[in-house]
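The values are calculated or read from the model by the stated rules, or taken from the named source; none is laboratory data. The structure presented is a predicted model; accordingly, all values stated were derived computationally and were not measured. Cβ atoms come from the backbone with ideal geometry, glycine included; neighbour counts cover every protein chain shown. For the accessible areas, the whole protein counts, side chains as well, though only heavy atoms, and no ligand, DNA or RNA atoms are used. Shrake-Rupley method; radii C 1.70, N 1.55, O 1.52, S 1.80 Å.
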Amino acid sequence: MTSSSLPDSLIATLPGSAYTDPGVFAQEQERIFETMWFCVARASELARPGAFRTVDVGRESVLVTRARDHSTRAYLNVCRHRGAKLCTERSGEVKRAFQCPYHAWTYGLDGKLVAAPNLTKMPDVDRAEYGLAGVAVREWLGYVWVCLAENPPSFEEDVMGEVAGRLGDLESIERYDIDNLSVGRRITYDVKANWKLIVENFMECYHCATIHPELTEVLPEFADGYAAQYYVGHGAAFGEDVQGFTVDGSAGLDRIPGVAQDQDRRYYAITVKPQVFINLVPDHVIFHRMYPVAVDRTIVECDWLYLPHVVDGGKDVSRSVELFDRVNRQDFEACERTQPGMSSRLYAKGGVLVPSEHHIGAFHDWVTERLGGAQGRFSPGSPCGG
């Protein structure tokens with residue numbers, strides 16, 4: 001059945017090859033993950049000069065650190081000498097410099113080449129020119145974002161603009177003071193599914209009544225199948241008997257002071273393409289970052305953020321963590337169940353989206369456009385086809 005012959009209630013999805021073809025994934029790495037702003041770390045993880053974290057962005061390993069002037073810096077995690085990976089640890093701290101374990105080329109926190117065996121005998125080597133390759137970096141909402149593009153797109157338009165487009169304005173998210181919240185819990189999920197399946201799942205709630213009994217108890221309107229992201233500025237209301245965003249609907253923790261009255265007892269979900277999901281509730285924020293590592297595997301790192309005194313005081317956050325941890329596991333199990341079907345001959349031309357999922361079609365159009373246009377892009381024999 002072609003898309004032109006579908007009933008008006010249905011629109012076509014991407015074909016199965018978009019989720020299974022390594023060639024498509026390679027194009028996504030090059031044209032999406034390596035050209036857009038990509039969230040890599042909580043800024044508090046880089047609290048002191050020398051603290052660092054390494055993250056894979058597309059096909060590159062990126063080293064993010066705090067310089068001696070307390071600015072955030074990001075570099076390609078590659079030694080300029082012979083290309084060895086500079087830091088192999090996922091995170092850590094150095095005193096003054098990064099030293100390559102291969103030939104001991106040494107770089108300051110500002111990226112400058114500061115030492116190497118026999119370097120003094122090579123006066124023609126410019127220490128700045130042969131320093132680490134810098135990567136554009138920004139801090140927002142208490143997170144570090146990087147962009148590998150030679151000419152990065154506008155952060156204000158591409159990142160902040162996505163949030164403003166979902167909530168209606170930036171003031172709505174600023175009231176949660178996310179920069180100054182503390183990480184109360186972090187859970188990392190290894191999901192055996194394509195990153196787009198995870199995005200699509202997060203964007204819709206047609207599945208909520210089927211697989212999210214705890215969530216629909218807290219947010220009854222989700223049982224009707226319309227996700228909060230379907231409407232600009234809309235937040236899903238808590239059930240009348242629900243006291244807090246917890247697994248059993250019991251009272252939550254201390255409310256974030258800046259949250260407005262019309263935001264109280266409401267849940268907001270935001271997708272920031274290509275790999276960030278933000279959930280806002282009155283007493284905490286849930287911040288997801290996806291790291292696509294293969295066409296059929298995605299690492300998802302999820303932070304639960306609370307007021308600092310809640311975390312420092314050792315208050316019990318388990319009931320709020322358990323609610324969305326269950327939601328995540330239910331979602332990721334569904335994505336993993338869907339991934340094999342993408343290889344089925346039945347899905348060669350894709351599936352369909354019902355009206356409450358039609359906004360996912362805009363995401364599919366966006367992916368197609370980023371990969372160079374719709375004509376032949378996912379068809380057999382094309383540069384991205386399977």
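For Ala294 and Val354, calculate 0.36 nm times their separation in residues minus their Cα-Cα distance, and state this gained length in nm to one decimal. Mind showing how you got there, number by number?
Values: separation 60, 0.36 × 60 = 21.60 nm, distance 2.85 nm.
Full-extension gain reported as 18.8 nm.
Could you work out the mean projected area of the convex hull around the alpha carbons of the stretch 49-103, in square nanometres to one decimal?
So the mean shadow area of the Cα hull is 3.7 nm².
What is the extension gain from Glu150 to Asn118, computed as 0.36 nm multiplied by their sequence separation minus the C-alpha to C-alpha distance, in nm to one decimal?
Values: separation 32, 0.36 × 32 = 11.52 nm, distance 3.23 nm.
Full extension of this stretch gives 8.3 nm more.
Can you say what percent of the DSSP beta bridges in the chain, counting only those with both residues inside, are antiparallel? Round to 5. The partial results should precede the final answer.
Details: 63 of 63 bridges.
About 100 percent, rounded to the nearest 5.
Considering only Gly235, Gly372, Gly134, give the residue with the highest GNM mean-square fluctuation for the chain, with springs between Cα atoms whenever their separation is below 10 Å.
Gly372
Regarding the stretch 227-282, what whole-number volume in Å³ per residue does the convex hull of its Cα atoms give?
Values: hull volume 6.0 nm³, N = 56.
Hull volume normalised by residue count: 107 Å³.
DSSP loop (so not H, G, I, E, B), at most 16 other Cβ within 10 Å: list which trypsin sites (Lys or Arg not before Pro) in the stretch 95-125 pass both filters.
Details: sites: Lys95, Arg96, Lys112, Lys121; in loops: Lys95, Arg96, Lys112.
Those satisfying the criteria are Lys95, Arg96, Lys112.
Going by amide H atoms built from the backbone, whose H comes under 5 Å of the H on Val57, apart from near neighbours?
Val62
Measuring with a 1.4 Å probe in the full set of protein chains, what accessible area per residue, in whole Å², belongs to the stretch 217-357? Each step should come with its number before you reach the end.
Details: 5880 Å² over 141 residues.
On a per-residue basis, the stretch 217-357 sits at 42 Å².
Leaving ligands, DNA and RNA out of it, report the carbon-plus-sulfur percent of the accessible area of the stretch 77-149 at a 1.4 Å probe.
Values: 1910 of 4070 Å².
With neighbouring chains kept in place, the figure for the stretch 77-149 is 47 percent.
Net charge near His288: determine it from the other residues with C-beta under 9 Å of the C-beta of His288, scoring Lys and Arg +1 and Asp and Glu -1.
Every neighbour counted, the sum reads -1.
Which longest uninterrupted range of the chain lacks any GluC sites (Glu not before Pro) assigned by DSSP to a loop state (not H, G, I, E or B) and surrounded by at most 10 other Cβ atoms within 10 Å?
Values: sites that count: Glu89, Glu129, Glu150, Glu240.
The segment 241-386 is the longest one with no such site.
Starting from the residue with the highest accessible area, list Arg319, Arg289 in decreasing order, probe 1.4 Å. Show your work: numbers first, answer last.
Working: Arg319 90, Arg289 0 Å².
Ranked from most to least accessible, the order is Arg319, Arg289.
What part of the accessible area of the stretch 263-340, given as a whole %, is carbon or sulfur when the probe is 1.4 angstrom? Could the numbers behind the result be given before it?
Working: 1130 of 2440 Å².
Whole-percent figure for carbon plus sulfur exposure: 46.
For the stretch 254-386, take the alpha-carbon Rg, divide it by the Kirkwood Rh, and send me Rg/Rh.
Checking Rg against Rh, the ratio lands at 1.06.
Express the relative contact order of the stretch 80-189 as a whole percentage, based on alpha carbon pairs under 8 Å and six or more residues apart in sequence.
Values: 93 pairs, mean separation 15.5, N = 110.
RCO, the stretch 80-189: 14 percent.
Just to confirm my numbers, what's the Cα centroid distance between the stretch 329-355 and the stretch 90-160 in Å?
40 Å
The stretch 228-282 to the stretch 26-42: how many Å between their Cα centroids?
Between the Cα centres of the stretch 228-282 and the stretch 26-42 lies a distance of 28 Å.
DSSP loop chymotrypsin sites (Phe, Trp or Tyr not before Pro) in the stretch 80-147 with at most 12 other Cβ atoms within 10 Å of their Cβ, which ones?
Working: sites: Phe98, Tyr102, Trp105, Tyr107, Tyr130, Trp140, Tyr143, Trp145; in loops: Tyr102, Trp105, Tyr130.
Answer in residue order: no site qualifies.
Rounded, prolate or oblate: which one fits the stretch 113-178, using the alpha carbon gyration tensor with axes a ≥ b ≥ c (rounded when a/c is under 1.5, else prolate when a/b beats b/c, else oblate)?
Numbers: a/c = 6.94, a/b = 3.20, b/c = 2.17.
Taking the square roots of the gyration eigenvalues as a ≥ b ≥ c, the stretch 113-178 is prolate.
Which of rounded, prolate, oblate describes the stretch 76-115, given a ≥ b ≥ c as roots of the alpha-carbon gyration tensor eigenvalues and a/c under 1.5 marking rounded, otherwise prolate only if a/b is larger than b/c?
In terms of gyration-tensor shape, oblate.
How big is the convex hull of the Cα atoms of the stretch 1-142, per residue, in Å³? It would help to have the intermediate numbers written out before the result.
Details: hull volume 22.1 nm³, N = 142.
Residue-normalised Cα hull volume stands at 156 Å³.
What's the tally of Lys pairs in the chain whose alpha-carbon atoms lie under 18 angstrom apart, where the two lysines are 8 or more places apart or on different chains?
Details: Lys85/Lys112; Lys95/Lys112; Lys112/Lys121; Lys196/Lys273; Lys196/Lys349.
Lysine pair count for the chain: 5.
Taking 8 Å as the Cα distance limit and 6 or more residues as the minimum spacing, I'd like the relative contact order of the chain as a percentage.
Working: 753 pairs, mean separation 84.5, N = 386.
For the chain, the relative contact order is 22 percent.
If packing is taken as the average count of other Cβ atoms within 10 Å, what order do 5-12, 358-365, 241-248, 255-262 fall into, highest mean first?
Values: 5-12: 11.6, 358-365: 15.5, 241-248: 18.1, 255-262: 13.1.
Averaged packing, sorted descending, gives the order 241-248, 358-365, 255-262, 5-12.
Using every Cα-Cα pair within the chain, state what percent have a distance larger than 42 Å. Display every interim value, and only then the final one.
Values: 12274 of 74305 pairs.
Here the long-distance tail beyond 42 Å is 17 percent of all Cα pairs in the chain.
Work out Dmax and Rg for the stretch 169-222 from the C-alpha atoms and quote the Rg first, both in angstrom.
15.1, 36
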